[in-house]
Amino acid sequence: MYINRALVLLIGLAIIFFPTIAEWITNGDTTWYRPYQLWLLVVIAAYWNQRTRYPDEL
Amino acid sequence: MSFSLLQILGCIVLYLTVLFTVALVAERGWLPRRIARHPAVYVLSLGVWAGAYAIYGVSELAILHGYNFLLYYLGVVLMFVLGTLFLQPLLRISRVYQLSSVADLLTFRFRSDGVGAAITVAMCITVLPLLALQIQAVADSIHVLAGDREYLLSGPARHDGLAFLFCFIITIFALLFGTRSHPQHPRNEGLVVAIAFESLVKLICLLGVMVGAVYGAFGGFEGMNAWLAESKAARDVLETPVRGELARGLLLVFFTGAVAMPHIFHMAFAENTDSRHLRAATWGMPLYLLLLSIPVLPTAWAAMKMEQPFPLDYSVLGVGLSLQNSSLSVAAFVAGLSAASATIIVTTLALANMILKHLVLPRQILSIDRNQSIYRQLAWLRRALITALILGGYLFFRIVSGHQSLTHLALVAFAGTLQFLPGIVATLYWPSANRSGLLCGLAAGLGVWFVMLLLPMVMVSEAAFATQLQQQWFGASEHPWVGPTTASLALNCVVFVLVSLVTRTSEDEQVAAEICSMDDLSRPVRHSLVFGSCDEFIQALSTSLGETTARNEVQRALRELQFDADETRPYALRRLRARIEANLSGLLGPAVAHDIINRSIPLAANTGTEDINLIERNLERAQVHFTGLAADLDNLRRHYRQILNNLPVGVCSLGADGEILLWNRNMELTTGIAAHDVLGSHLDSLATPWGEVIGNFSRDPAETALRREVTDDTGASRWISLHKTPEGLAESGEDRVLLMEDITDAQRMEQDLLHNERLASIGRLAAGVAHEVGNPITGIACLAQNLEYEDDLGEIRHTATDILKQTDRVTRIVESLVNFSHVGSSSGDLNLTPCNVADCVDEATSLLALDSSARPVRFLNDCDRETLVLADSQRLLQVFLNLLGNARDASEDHGDIRISENRMPGAVQIHFDDQGSGIPPAVQSRVFEPFYTTKDPGEGTGLGLALVYSIIEDMGGAISLTSPTLPNQAGGTRFTLQLPETSYEALLDSQSAAAENARLEP
């Protein structure tokens, strides 16, 4: 079975930091669009991850 | 402010007409292809995920549970960001095997039409709440716009004819959208573009509503922030923690829904034509959902501030009405209408295909008339099913309408599709899973879901009982759906695993599991086919599909594979078979397609070795994915492959059925046939003369064929030697390896050397010839002088007779020399005729006698005067000369050299015995090697015995050496030749044939 190691690392980090991130987002002192900023970072990371891939290999 | 029903219905028809026009424009190709095929269009079409719930229902979640509403989107975002985990491998399988639904996928993996039927039935039941949700959302939003607030608040009165009218309209458009595309087209371009357009419309509408609501209610975003800072209720909701059972439950169901829901599966996989588009979606879809979710909170806060009177589900609509802004209301309504119509159209289309492929066709509920176009019949069946499904959704809506919120309907539907998650995960990651486990697990999970979630929804009288059960089993909870949902999934998984472990997995399932597993390096199997051409394929498929459809499908597969219609290569035909099955799978479902192909184009029995060509092709394609040890292994493979390819001898590997698996560069150079033309072909299909030469050799029991002459179409000759793996290995099913050595240059050099050697012999004989010719000439001169003075007629006649005798002697000597000089000069062509051994020996000894400088020996010819062998007389003379010359050189002065023969069945052995010093055992193995000699420098070329060996091999004989001649004797050498025996009858036949030829020649 072939699973990308970077992916495993990403999932591990997400599991570890999810409670912290969730608490940080729902902190009443912050701006309401904070989750969207974080979301945008995820979009940028996903874009970065797929940009140097290969032609249609199917 | 309110709208009339006529205005609202007009709006619906107008919007759907615009949508249909967009689809038509795309389908007719009026939209530039670069736009229609742009990845952004594919990404937007995935926006079908966001149905009416994303427009209306999410507001309720946001108002009640704060940021937890984001989990509706984040489940999908997670699925796309982790695309390599599920989506990309699913796309690979779906596109290669034309699978367009979860039922197709699981049927393909578990090799059972029963699985397909079960999944289809389960999917239809679990998706009913989702269809009802869309209908309810549109019907309710019409009431909101019409100002019928009471209808919404007093539930049972809500199901009026409006919902049915909407269903009727959407059915017409679903039929127009879903069944227009020809089944042979891989993508329904009109549908994709139309759904992308819908996604764009709902995004723009929602963003517009947000801006309008914020400026209308707060005077701008700064005002909204100020209000938020002051509103404790809003801030308290925002601070609701994103954890606990609600967060877990939401994330789980929406994560799974992103791959298990039929409409998203259809758009993501069935309508995908390029894997790069899915990679674009790994960031494009999260971005789209980010934009779609931004308006939710500001709009909800505006509704809170305006204290709009409608249920929380419809706060987006209510804001516009409260602000008396008709544009906002219409935009919100169009967004909801757009989302609902897209979901209904794609979901029913996907479900109709599933029912068709897994229930109608395999169970033969409706028979197909093979004399008519199958495509048209399938289209009509699909239309009927779409109508029935929308009607089913409407009936479900009628049953539950007024009792359930949009959120409840959505959660029940998503919790139902959650039960397909174990099957999907096992398809990719667990090869040991089997169909018994899948069906048992699914039954258990769906059973819990049905009793605890669906039943209370449709039967109000059972709701109390279900609530009691929920509380007993899962305790009192604020979110009672989470416990049953989690429990159903857990039970599903446990039963699935246990049953799979204790029951047997069929061979079919194991093969499919390998194909589906995440390991890209599945092991393709090379089966032999019973049929050998495309026409035979068409003929065989005609019985199942009808001739027209069979021809269409074969031609379509040929076109897709870029093969010619006269293709006969086994490798190509295997790929053609697989492609036809994949295409039929897209048309009729994997179970029916597999059955038709197995029945119509069967595989030969007892075949099935690894398909090396396909494995190499897959490896070449997948090279970029290898890392670590896998990359090292691949590099090693390439290294050895290169060595094999660059070997200075031709290497050809053959399957047990004669299929060519390897054809290296040297083979290309020698034969002039490129590897890509022959790989995967049958040996017999090779171009002339190579097919015959290599084919005959591969069937010949001999493992070696030396010095074989091959003449091509242009008349040019090549000389080759062939070798192959021992027969025993081939019999055990192993591939055979055949080596071919091009010895043309060596052969030509050898012939040159042979000629030179002969000239050298002639030179050596020249002195003797001069002496032998000189004696009779002197005699003739003396006799001629005597004639001058002779008057007696009797004496003159006597003298003339003597002169003639001397002349005959000269003639014989010259003829022998001329004969000898001609040997081998005819470019190696053999002329096998019956030869008298004794006469040939005599001639050889006569020639040797001409060499006056040679050692005086006695030649004893004991050969039977009747014995004939089949040989080339000139070459045989050369052989005898060389052997007798060597024997003379090895003998003592006045020694005897005996030539004898003995007959064997079909052959004659000719022995040459000398009484010389013999040949030491260490040297015996080398005497036939070229340039090996034991004579002094200048006395021998070392080519004599090598030539003898070569000539005897060419004539189909054998030569051996015995030294010493007798076991207890010190010296003596015996060379034994073995040649095929022939008879005088054969001699006469050959002579009469020669005479006939001479007569015919001008």
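For the reader, a short list of remarks on this structure follows.
- Here B:LEU251, B:LEU337 are screened, and the one residue that is within 29 Å of B:LEU90 (Cβ to Cβ) and either in the same structural domain as B:ALA36 (by TED's automatic domain parsing) or surrounded by 24 or more Cβ atoms within 10 Å (Cβ to Cβ) (or both) is B:LEU251.
- Residue in the stretch B:591-610 that is more than 26 Å from B:HIS682 (Cβ to Cβ), away from chain A (no Cβ under 14 Å), touching a helix residue (DSSP H, G or I) at 6+ places or on another chain (Cβ under 6 Å) and at pLDDT below 80 present: yes
- Single match in B:LEU71, B:LEU78, B:LEU82, B:LEU24 (criterion: within 14 Å of another protein chain (Cβ to nearest Cβ), over 32 Å from the mean Cα position of the chain (by Cα) and surrounded by fewer than 21 Cβ atoms within 10 Å (Cβ to Cβ)): B:LEU78
- Neighbours by Cβ (under 7 Å, 6+ apart or cross-chain): first from the stretch B:653-673, among the aliphatic types (A, V, I, L, M); second buried (at least 18 other Cβ atoms within 10 Å of the Cβ) and assigned to a helix (DSSP H, G or I): B:LEU654/B:LEU683; B:ILE660/B:VAL678; B:ILE660/B:LEU683; B:LEU661/B:ILE612; B:LEU661/B:ASN613; B:ILE673/B:TRP690
- Scanning the stretch B:253-299 for residues that are over 32 Å from the mean Cα position of the chain (by Cα) and more than 18 Å from B:VAL201 (Cα to Cα) yields B:VAL253, B:PHE254, B:PHE255, B:GLY257, B:LEU297, B:PRO298.
- Test: residue in the stretch A:32-45 that is outside any loop (DSSP other than H, G, I, E, B), farther than 25 Å from B:ALA247 by Cα, more than 7 Å from chain B (Cβ to nearest Cβ) and at pLDDT 85 or above: no
- Wholly within the stretch B:249-330, helices (runs of 4 or more DSSP H) carrying at least 1 residues that are under 30 Å from B:SER2 (Cα atoms) and within 14 Å of chain A (Cβ to nearest Cβ): B:275-293, B:296-306
- Any pair with Cβ under 8 angstrom, 6 or more apart, that starts in the stretch B:551-568 at a residue that is part of a loop (DSSP other than H, G, I, E, B) and ends at one that is among the aliphatic types (A, V, I, L, M) and surrounded by 14 or more Cβ atoms within 10 Å (Cβ to Cβ): B:PHE563/B:ALA572; B:PHE563/B:LEU576; B:ASP564/B:LEU558; B:ALA565/B:LEU558; B:GLU567/B:LEU558; B:GLU567/B:LEU573; B:GLU567/B:LEU576
- Boolean, B:GLY57 is assigned by TED's automatic domain parsing to the domain that holds B:LEU191, buried (at least 24 other Cβ atoms within 10 Å of the Cβ), in contact with an Asp or Glu (Cβ under 9 Å, 6 or more places away or on another chain) and modelled with pLDDT under 90: yes
- Every condition in (1) assigned to a helix (DSSP H, G or I); (2) modelled with pLDDT of 90 or more; (3) farther than 18 Å from B:HIS263 by Cβ; (4) under 30 Å from the mean Cα position of the chain (by Cα) holds for B:ALA433 except the one numbered (1).
- Selection over the stretch A:4-31 of residues that are in a loop (DSSP other than H, G, I, E, B) and within 9 Å of chain B (Cβ to nearest Cβ) gives a count of 5.
- Test: residue in the stretch B:345-366 that is in contact with a helix residue (DSSP H, G or I) (Cβ under 8 Å, 6 or more places away or on another chain), surrounded by fewer than 24 Cβ atoms within 10 Å (Cβ to Cβ) and hydroxyl-bearing (Ser, Thr, Tyr): no
- Counting only helices (runs of 4 or more DSSP H) wholly contained in the stretch B:663-742, the ones carrying 1 or more residues that are surrounded by 19 or more Cβ atoms within 10 Å (Cβ to Cβ) and not assigned by TED's automatic domain parsing to the domain that holds B:ARG574 occupy B:665-671, B:675-678, B:690-699.
- From the options B:LEU636, B:LEU629, residue that is within 14 Å of another protein chain (Cβ to nearest Cβ) and surrounded by fewer than 20 Cβ atoms within 10 Å (Cβ to Cβ): B:LEU629
- Taken together, the residues in the stretch B:89-101 that are facing chain A (nearest Cβ under 10 Å) and under 14 Å from B:ILE264 (Cα atoms) amount to 2.
- Flag for B:SER528 being surrounded by 19 or more Cβ atoms within 10 Å (Cβ to Cβ), farther than 23 Å from B:PHE86 by Cα and either touching an Asp or Glu at 6+ places or on another chain (Cβ under 6 Å) or at pLDDT below 80 (or both): yes
- Yes/no for B:SER653 being closer than 18 Å to B:LEU739 by Cα and not assigned by TED's automatic domain parsing to the domain that holds B:PHE531: yes
The values are calculated or read from the model by the stated rules, or taken from the named source; none is laboratory data. Since the model is a prediction, treat every value here as computed from it, not as a measurement. Using ideal geometry, Cβ is built from the backbone for each residue, glycine included, and neighbour counts are taken over all protein chains shown.
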